[in-house]
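Below is one structure, written out as structure tokens; comments come after it.
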Amino acid sequence: MDDEFYSPPWFESSEILAAFLASSSIPVHSWELCSQANAAAPRSFVVKQFGNTGYISFSGIQEMPASVLGSAKLVPLAAASSEMFPSFNIQGGGGAALREEGEEEVPAMVHAGMLHLFLYFMRTTDLEGKIKLLIQCKSIVITGYSIGATTASLTALWLLSRVKSNFNPPQIFCVTFGSPLLGNKSLSDAIITERWGGNFCHFVSNHDIVPRLLFTPLDPFTHHLQCLLQFWHSSMASQLSQLPALTLTEDDVNGYYRSIFSGVERAATADEGSRSGMEVWPFGSYVFCSTEGAICIDNANCVVKMLHLMLMSGSPDRSIKDHLLYGAYASKLCDQLLTRRNFTESGLPESSYEASVSLALQSSAIYGQDPLSTLATDCLLAARREDLMRNININSAKLAIGLSRINPLRAQIEWYMASCSRSPDKQGYYDSFKKRGYSKRETQINMNIIKLRNFWGGMIQMWERGELPHDFHQRAKWVNGAHSYQLQVEPLEIAKYYRKNLHRTQGHYITHGRKRMFEVFDRWWKKNGGQKEGPRTTFASLTQDPCFWARVEEAWDWLEQLSNEPTNSQVPYLLEKIRSFESYAENLIVKKEVSEDVIATNSTYSLWIKRWRELQNTFPLLSNGQSA
């Protein structure tokens with residue numbers, strides 16, 4: 001089967017990634033190649049192509065002394081070569097965590113031994129040449145097992161930096177199995193900044209000790225780690241046909257396990273501000289695997305907490321042997337991610353939000369094991385809230401980009417308004433659009449109206465669904481922008497409404513035809529609008545009442561009723577309505593809060609005034625409020 005990516009080169013959420021993995025053979029192919037690399041010589045890698053997808057796989061059997069692995073010494077990634085990892089140079093604007101004022105920036109750092117191993121492959125093997133041969137593929141998957149997984153991650157970072165500016169580069173995806181943590185939080189932050197987090201997927205067996213190793217200084221346990229490395233490497237080389245003997249006593253294993261557990265616990269319970277920047281931190285998405293299923297998480301804080309909670313349900317012996325179970329998990333991952341799960345007799349969760357967490361926990365080894373299950377639920381809910389906030393900020397940024405793209409549409413409407421004001425028929429843009437709505441020029445303006453309506457209407461829907469910042473409706477940029485759009489475009493919406501005679505079948509615009517988003521914008525403006533201006537010396541560029549023309553149309557209806565011999569009981573009511581509108585309109589004009597098109601010679605308003613004066617002259621009693 002061809003392993004092409006039928007999705008973006010990065011995944012916007014762990015749910016999307018999980019769905020992709022469940023429908024892909026990438027995990028199976030990745031593990032098959034890791035097994036082939038394990039069977040070859042130490043420090044080996046395998047290159048293979050499946051259809052239009054190229055694979056590079058690094059063996060889990062790597063010659064790294066336990067003293068080097070356990071030292072957890074971190075060095076700046078850019079120290080390897082500023083040209084090799086340009087995205088992680090502080091001078092380039094990335095690769096450093098922001099610190100409090102007065103504190104130095106912490107650069108993106110990686111484990112010194114793992115960086116040395118990567119540089120060995122780049123400088124003494126034909127790895128770079130093999131990658132060049134795969135660049136023409138539609139996608140490249142870089143995979144690795146155990147210590148070799150860190151080489152895969154560094155290779156992926158190098159390749160992502162290299163193809164970043166290429167036109168139509170291959171999609172790059174890194175899959176690791178049982179990888180130790182590679183670098184610090186600054187590295188994780190820089191990867192997020194580059195939007196590469198979705199390019200990394202780390203498979204972790206629920207109780208595997210290797211992904212948790214570097215939370216703890218291991219200098220006192222160099223001998224223990226060396227024995228474990230020999231045990232794991234011998235098992236990998238033999239393809240698990242027969243597990244070798246572990247040359248550690250039970251007390252040694254228990255002591256080592258307790259030390260690792262304490263380090264993971266400290267990391268999971270530490271406050272955000274207490275981290276030094278020199279501690280390891282996860283990046284990308286993590287797939288926690290067990291016999292019960294698999295759960296995919298892309299929130300780093302949640303990953304660390306789950307590394308702790310999962311280990312609480314394990315044992316020293318399982319923590320060692322779980323590092324050798326990835327072949328079994330990879331072969332049934334698709335079934336696990338697609339397994340249908342049901343809610344227990346406790347009933348349905350209160351929301352889809354909680355339902356997704358409940359279903360996720362059913363795929364973990366700690367489901368139903370209180371208090372671990374409760375702690376895991378709290379962890380996943382907190383991560384979900386963080387993700388929602390992240391998506392909220394992304395949505396806000398996308399809206400700002402969308403606003404800049406639609407502003408030219410308003411500029412075209414502004415040009416249309418100006419051309420109407422210069423027209424010899426002495427009508428403003430409201431009347432021109434109402435009477436010539438099917439001409440070529442008005443058709444183009446109508447298309448602009450539809451596009452603007454879709455943007456602003458979509459924004460209101462996002463705001464009401466809670467997908468935008470809680471104070472979004474108070475931000476001057478959006479309050480003012482919505483009000484300006486409304487003043488310019490709502491008169492055209494009114495013109496379309498009355499051109500189609502919808503007021504005859506549905507009722508007048510303000511009560512029966514007005515779109516709800518304009519009512520929302522009214523509330524925003526009244527509550528958060530700009531300061532009141534002083535007296536105007538010139539007419540406004542836009543009439544300050546967005547519904548002014550709808551009021552004019554209703555006033556015309558009252559005049560028609562008054563002209564058609566109304567009953568004596570109707571006359572006082574109609575006169576009150578007409579005079580109220582007349583006073584309101586005159587007040588706006590005196591304050592110059594209307595645009596000049598309102599008082600154009602042949603505007604609907606000017607013709608209304610003319611008709612009203614004719615009725616008063618014909619029936620003088622109308623001038624003093626008496627019935628005719």
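Taking Rh as the Kirkwood radius, which is the inverse of the mean 1/r over Cα pairs, what is the Rg/Rh value for segment 573-617?
Expressed as Rg/Rh, it is 0.98.
Taking segment 589-618 and a reference point 7 angstrom along Cα→Cβ of Lys435, the backbone N atoms nearer than 18 Å belong to 596-612. Across q = 0.22 Å⁻¹, segment 371-464 modelled as identical point scatterers on its alpha-carbon atoms has Debye log10 I(q)/I(0) values of -1.06, in the order of the q list.
With both labels modelled 7 Å from their Cα along Cα-to-Cβ, the Ile394 to Thr125 distance reads 3.4 nm.
Stretched out straight at 0.36 nm per residue, the stretch from Arg422 to Glu63 would grow longer than its current Cα-Cα span by 121.0 nm. For segment 418-473, the Cα-based Rg and Dmax, in that order, read 16.7, 49 Å.
For segment 104-183, what does the relative contact order come out to in percent, with C-alpha contacts under 8 Å and a separation of six or more?
Rounded, it is 38 percent for segment 104-183.
Look at the Cα gyration tensor of segment 544-613: its axes a ≥ b ≥ c give a/c of at least 1.5 with a/b over b/c, and that counts as prolate.
For the listed residue pairs Lys138/Lys321; Lys130/Lys321; Lys398/Lys515, the alpha carbons are over 28 angstrom apart in Lys138/Lys321; Lys130/Lys321.
The share of Cα pairs per 10 Å bin across segment 131-276, counted from zero up to the longest distance, runs 10, 32, 31, 19, 7, 1 percent. Applying Stokes-Einstein at 25 °C and 0.890 mPa s to the Kirkwood radius of segment 468-586, computed over alpha-carbon pairs, gives a translational diffusion coefficient of 149 µm² s⁻¹.
Computed on segment 126-256, with alpha-carbon pairs under 8 angstrom and 6+ residues apart, the relative contact order is 20 percent. Ranked by the mean number of other Cβ atoms within 10 Å of their residues, highest first, the peptides 34-44, 547-557 come out as 547-557, 34-44. Averaging 1/r across all pairs of distinct Cα atoms in segment 162-227 and inverting the result yields a Kirkwood radius of 14.5 Å. Over segment 246-298, the hull volume per residue, using the convex hull of the C-alpha atoms, is 150 Å³.
Taken together, the values in this text are just the output of simple stated rules run on the coordinates, not laboratory data. Being a predicted model, the structure only gives us computed values, none of them experimental. A quick note on method: Cβ atoms are made from the backbone with ideal geometry, for glycine too, and the neighbour counts reach across all protein chains shown.
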